[in-house]
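In what follows, a single structure is set out as C-alpha cells and then discussed.
The values are calculated or read from the model by the stated rules, or taken from the named source; none is laboratory data. Please read these numbers as outputs of a predicted model, since none were measured by experiment. So basically every Cβ, Gly included, is an ideal-geometry build from the backbone, and we count neighbours across all protein chains shown.
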Amino acid sequence: MSEADAILVDLQAAEVAATGALGAAASLEDLRVAQGEVLGRRSPLARINARLGALDAEQRRRVGAEVNAARQRLEARAASRRDELEAAGRASRLEADRLDLTEAALLGPRAWVAGLPDRGRLHLVTQTRDELEDIFVGMGFGVAEGPEAETDWYNFEALNMPPAHPARSMWDTLYLDLGEPESVVLRTHTSPVQIRLMESQPPPLYAVAPGRVYRKETPDARHLAVFHQLEGLVVDEGIGFADLAGTIEVFTGAFFGQGVHSRLRPSYFPFTEPSAELDVTCPVCAGSGCRTCSQAGWIELGGAGMVDPNVFSAVGLDPERWTGFAFGFGIDRLAMIRVGLGDVRALTDNDLRFLHQF
Ligand code: PHE
C-alpha cells in the first residue's frame, strides 16, 4: 500500500473514532475536552496532517483535501453537539424553575399549618365586611361607598355640626394639607356617606356603607388609628324607633347566631335625635359576665338613632315628610368579638401565623 493510501485508511479510522468521541460528550465541559483531543495540536488528525509532507505535490493536494474535509465534518459535528447540549441545559433549567400552581390550590386553606405551600385568602376584616354586606343585602339594603378624603361639609357640617361645634371633638380628626386650613379631612366615620346617599338619590333609601375611617389615635389593645365601620341608613315615610331596634336585632342574630341580642342605650350624636349607644350580648360568656365584656355581659358596638331633622334640611329633604334611622359600628370590633381576639392590633401586624387561622 502506498503511503498516500495508508494515510487515507488511518484518516477514516481517526474520523470514526473522533465522531464517536464528540457524540459521547455528556456536558459542555466534556465536549470542550473531546474537541481538544480530536482536533487539537496533539490529535491523531494533526499527526496525519504531518505525514502529508512525505508525499509528492500531486498526492499531497489530493490527500490534503481529504484531511481538510474530514476536519470540517468534525468541526460541524462538534458545533451541532454543542447546540444539543445547550438546548438540553435550557430545558432542564426551565423544568427546575417551573411553579406548579395547581397543586397549591388543591391543598386547601389549612395547608400552611402542616408546612405545605398555601394559597392566599381574604383578610379577616374583609371576610367580616363581606358577610355583613350579605346579611344586609338579604334584608333588602343596597351597598354604597364614599371617599376616604372628605370635605368638612360631609364629615361634620351637613351632619349638624357647624364650624367650632363642640361635638366635633368627639372625633380626633386628621386634617389634610389641601385647600383652606381644616377644610379636607380623612373621614372620622362613615356617616358622611349618609349625606352623599341622600344627595344623590331620592328616598326611599335602604343602604349600608362599609369603609375605612381614620382618627388621630394612639393604637392600643382596643383602638386603631385606621379602622373600619359599617354605616346604615334608612329614609322613608313613617319610619320609627322600633324599625331601628328591629333591624339591629335581626342583624345581630344573623351575624352572631341566636342567643345574642341587642340593646339601645340613650346617648348623644349631633346627627340623630334621639340617639343611642348600641350594645350586643357578650358572645363569649352569653351575657353572664367575663373578661372580654369587663363583667358587663354586654359589648358596645357603635351608635344609632333617628335621622335629625337638621340633617334632612341640609340635603334638601322635607323633615315634615321624611323619617329615617341611621347606625354605625366598627367592623374590626365585630371581627374581634367573634373570634375572641384580645388585642385589635393583631389585625394590622401582618403576622401570617395569626392571619392564616381565618
Ligand atoms: N358616626 C358615629 C361614630 O362614628 C356612629 C353613628 C352612626 C351614630 C350613625 C349614630 C348614627 O361614632
Lone qualifier among VAL235, VAL315, VAL284 - being under 20 Å from PHE156 (Cα atoms), out of contact with any strand residue (DSSP E or B) (no Cβ under 8 Å at 6 or more places or on another chain) and touching a residue at least 40 places away in the same chain (Cβ under 8 Å): VAL315
Wholly enclosed helices (runs of 4 or more DSSP H) of the range 90-197 bearing at least 1 residues assigned by TED's automatic domain parsing to the domain that holds ALA314, at pLDDT 95 or above and within 30 Å of the chain's Cα centre (by Cα): 124-138, 152-155
Test for ALA286: is it in the same structural domain as ASP349 (by TED's automatic domain parsing), of a type in the set (Gly, Ala, Ser), assigned to a loop (DSSP other than H, G, I, E, B) and over 32 Å from the mean Cα position of the chain (by Cα): yes
Neighbours by Cβ (under 7 Å, 6+ apart or cross-chain): first from the range 248-269, without any contact (Cβ under 8 Å) to a residue 24 or more places away in the chain; second more than 16 Å from the ligand (Cβ to nearest atom) and hydrophobic (A, V, I, L, M, F, W, C): GLY253/VAL260
Residue check for GLY324: among the small types (Gly, Ala, Ser) and either surrounded by fewer than 17 Cβ atoms within 10 Å (Cβ to Cβ) or outside the structural domain of PRO203 (by TED's automatic domain parsing) (or both): no
Out of ASP236, ASP279, ASP243, sole residue that is assigned by TED's automatic domain parsing to the domain that holds ASP130, acidic (Asp, Glu) and closer than 23 Å to GLY146 by Cβ: ASP236
Residues being modelled with pLDDT under 95 and not in a helix (DSSP H, G or I) - total across the range 228-260: 4
